[in-house]
Structure formats: structure tokens, C-alpha cells
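The structure appears right after this line, and notes come after that.
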Amino acid sequence: QVQFVESGGGLVQPGGSLRLSCAASGSITDIFVMGWYRQAPGKQRELVTFINTRGATSYVDSVKGRFTISRDNTKNTVWLQMDFLKPEDTAVYYCNKVPNPQSWGQGTQVTVSS
């Protein structure tokens, strides 16, 4: 089973940017859809964005125009570029398969605060 390791989170001021990375322990070529999920304190984990192997993407309304997902199957990596960050983007971010996510990584904490 492929494991995912997320990195790139941190503390950023509102309006700032972060780039998250998701490194897979094995090939993601056969994983048709990969996504980024997030879990804010006291809330359920939600799917924020996903991308298929053809590069087609989808975003929840709250991040459209601000977040960009990308993947490189040759590097077994998925990225999330987050711009114009808002305090409500504060959460732990995870990458995983879509649908039927498998075991979760540790995630990476994103905190948006002044």
C-alpha cells in the first residue's frame, strides 16, 4: 500500500502563500485521482481539491481561484499551491486517493493568522 508524506505547512499571515508537497512511497501512476483533504479543529475532514491522471482538476468553492493542485507521476508527488490564504484555511492538510482514501499520513499543519 502506498504511503503519503505531506510537508510544506507552516504559519502564514492572511493573504500569504504556501506550497504543500505530498510524496508517495510508491508509484501513483495507477492512482487515477489524487486529492488534498483538510481537517480544521473541531470539524470533519473534507476533500478540498483533486486531480486525475489526465490533469483535470476540481476545487471546492471556498478555495477556487486561490488553490492550485498539480501532480507529477514520474516523481510520485502531488503539490498544492495555496495563495491568498485566509484564517479559515487553517487546518491539517492531507493527501490521499479519491475516493476510498487509504491509510492517512501525519498531514501538515497550515495556520493562517496575523
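The values are calculated or read from the model by the stated rules, or taken from the named source; none is laboratory data. Quantities reported herein were computed from a predicted structural model and do not represent experimental measurements. Using ideal geometry, Cβ is built from the backbone for each residue, glycine included, and neighbour counts are taken over all protein chains shown. All accessible areas refer to the heavy atoms of the entire protein, side chains included, with ligands and DNA or RNA removed. Shrake-Rupley method; radii C 1.70, N 1.55, O 1.52, S 1.80 Å.
Residues in the stretch 38-56 that are more than 16 Å from LEU18 (Cβ to Cβ) and surrounded by 15 or more Cβ atoms within 10 Å (Cβ to Cβ): how many?
Matching residues across the stretch 38-56 total 6.
Specify which of the listed residues (ALA40, ALA56, ALA23) is closer than 14 Å to CYS95 by Cα and not β-branched (Val, Ile, Thr).
Being closer than 14 Å to CYS95 by Cα and not β-branched (Val, Ile, Thr) holds for just one of ALA40, ALA56, ALA23, which is ALA23.
Please work out which residue is least open to solvent (accessible area, probe 1.4 Å), limiting yourself to the stretch 18-33 and to residues that are over 15 Å from GLY107 (Cβ atoms) and either touching a helix residue (DSSP H, G or I) at 6+ places or on another chain (Cβ under 6 Å) or not polar (S, T, N, Q) (or both).
ILE28
Can you tell me which of (1) open to solvent by 20 Å² or more (accessible area, probe 1.4 Å); (2) farther than 16 Å from ASP83 by Cβ is the one GLY15 doesn't meet?
(2)
Scan the stretch 77-91 residue by residue and report those that are free of Cβ contacts under 8 Å to residues at least 60 places away in the same chain and either within 14 Å of PHE32 (Cα to Cα) or touching a Lys or Arg at 6+ places or on another chain (Cβ under 7 Å) (or both).
Correct list: THR77, VAL78, ALA91.
Of all the residues that make up the stretch 45-61, how many are touching a residue at least 12 places away in the same chain (Cβ under 8 Å) and under 14 Å from the mean Cα position of the chain (by Cα)?
Residues meeting the conditions: 10.
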